[in-house]
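The values are calculated or read from the model by the stated rules, or taken from the named source; none is laboratory data. Just so it is clear, the structure is predicted and the values come from calculations on it, not from any experiment. Heads up, the Cβs are rebuilt from the backbone with ideal geometry, glycines too, and the neighbour counts pull from every protein chain shown. Surface areas here come from the heavy atoms of the whole protein model, side chains and all, with no ligands, DNA or RNA. Shrake-Rupley method; radii C 1.70, N 1.55, O 1.52, S 1.80 Å.
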Amino acid sequence: MEITVIRPATEAFPEDIDRIQHVGRVYQSFPGSEYVLPSDGPERDRLALQHRLLAGTFENRIMMPEISFEAGDRILDSGCGSGVWLLDAINQVPNAVVLEGIDIESRLFPMDSKLIATRGNMNFSIGTITKLPSEWTATFTLVHQRLLIAALRAEEWGQAIKEMMRVLVPGGWVQLGEAGAWQAGKTTEKHRSLVDKLFVKRGLLLDCSDRIPSMLRAAGFSNVHIDKRPISLGSWAGEVGIEARENFMGVFRGMKSPVLNAGGLGYVNTEEEWESLLDAVEEEWDNTEGAEMSFFIFYAQKPLF
Ligand SMILES: C[S@@+](CC[C@H](N)C(=O)[O-])C[C@H]1O[C@@H](n2cnc3c(N)ncnc32)[C@H](O)[C@@H]1O
């Protein structure tokens, strides 16, 4: 198994990560990106937990469209992070299918070849979904993207979906997984307002799951499917609720630097206040039966003609 990592000749990958570090977390520095989550060891672990959780939520189906893959077919995972989805997908497709992962940040790529399945072709490259390589036009049978809610600005969503359409073969499929709203009680509401403020400040779309179906249709996709599932949050829901709490609290705790660098957005003034707000949210989830987050998988087809 050969893994290829392509690094473009830009200044986008500074080794001097100090300037983007905040209280122990490491963030990406891709030019123009508003992505708010870290790219570091704890985030890699969280993505592994999240993949298990989300796969379990959808009966371990990670590819929704019914596709009969053939030798030479290509699959793209946009915003692949640690490649955890690709590393699962590779075991579900024929040997000669090529898997490509692209991400604005390479720090999470699975560089240890022992982590990779012993067959197939898997490549990782650095780049943005909003501007894919021109030679990729009409080469992918499936484009997968999961959880870029904390990364893409309104106009970037349109560009990304347009790029997905361009790189798909006619009849190919796109699959997008995104989080929806989360709810429990008053503290969670306050926290949600804080996250909303952060997203608005950065031009990100917290309600992207409401908008994706119409964005797909506007880009010319047909057969638009929406599969929405609730994910219970907190210990009241047993092991699954605890795992979900760990994962999503990991997401929110990961927003520490963006929130504190924005002066706390009128909700917190110090790192301690930030931590105690999140502790209170966690406690509310544990003690509120029905606390949940919704998760969506959308999939749609590029018309044959
Ligand atoms: C929350 S992580 C999800 C990772 C992976 N999709 C998964 O589900 O495990 C979001 C990933 O998107 C990447 N990302 C953010 N903006 C991007 C962009 N414009 N193009 C490609 N990747 C991007 C981030 O670097 C990060 O690795």
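Summary of values
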read-out: ARG25 among the basic types (Lys, Arg), open to solvent by less than 50 Å² (accessible area, probe 1.4 Å) and either modelled with pLDDT under 95 or within 12 Å of the ligand (Cβ to nearest atom) (or both); value: yes
read-out: Per-region count, region 28-71, residues open to solvent by 50 Å² or more (accessible area, probe 1.4 Å) and closer than 23 Å to THR137 by Cα; value: 4
read-out: Qualifying residue in region 128-144 (condition: small (Gly, Ala, Ser), in contact with a strand residue (DSSP E or B) (Cβ under 7 Å, 6 or more places away or on another chain) and either crowded, with 22+ Cβ neighbours inside 10 Å or under 26 Å from MET64 (Cβ atoms) (or both)); value: yes
read-out: Tally of residues being open to solvent by 10 Å² or more (accessible area, probe 1.4 Å), in contact with a strand residue (DSSP E or B) (Cβ under 6 Å, 6 or more places away or on another chain) and near the ligand (Cβ under 10 Å from one of its atoms) across region 82-100; value: 0
read-out: PHE124 being at pLDDT below 95, open to solvent by less than 10 Å² (accessible area, probe 1.4 Å), assigned to a strand (DSSP E or B) and of a type outside the set (S, T, N, Q); value: yes
read-out: Region 131-158 residues that are in a helix (DSSP H, G or I), paired with ones that are more than 9 Å from the ligand (Cβ to nearest atom) (beta carbon under 7 Å, 6 or more apart); value: TRP136/VAL167; ALA154/GLY203; ALA154/LEU205; TRP157/LEU205; TRP157/CYS208; TRP157/MET215; GLY158/MET215
read-out: Any chance GLY177 is surrounded by 18 or more Cβ atoms within 10 Å (Cβ to Cβ) and modelled with pLDDT under 95; value: no
read-out: Only one of GLU155, GLU178, GLU105 that is among the acidic types (Asp, Glu), within 14 Å of the ligand (Cβ to nearest atom) and within 21 Å of LYS228 (Cα to Cα); value: GLU178
read-out: Helices (runs of 4 or more DSSP H) fully within region 195-305 counting 2 or more residues that are out of contact with any Cys (no Cβ under 9 Å at 6 or more places or on another chain) and open to solvent by 60 Å² or more (accessible area, probe 1.4 Å); value: 208-218, 238-253, 271-287
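Matching residues to (1) closer than 26 Å to ARG211 by Cβ; (2) out of contact with any His (no Cβ under 8 Å at 6 or more places or on another chain); (3) free of Cβ contacts under 8 Å to residues at least 12 places away in the same chain:
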| position | (1), (2), (3) |
| --- | --- |
| LYS256 | no, no, no |
| THR270 | no, yes, yes |
| TRP274 | no, yes, no |
| GLU284 | no, yes, no |
| SER294 | yes, yes, no |
| PHE298 | yes, no, no |
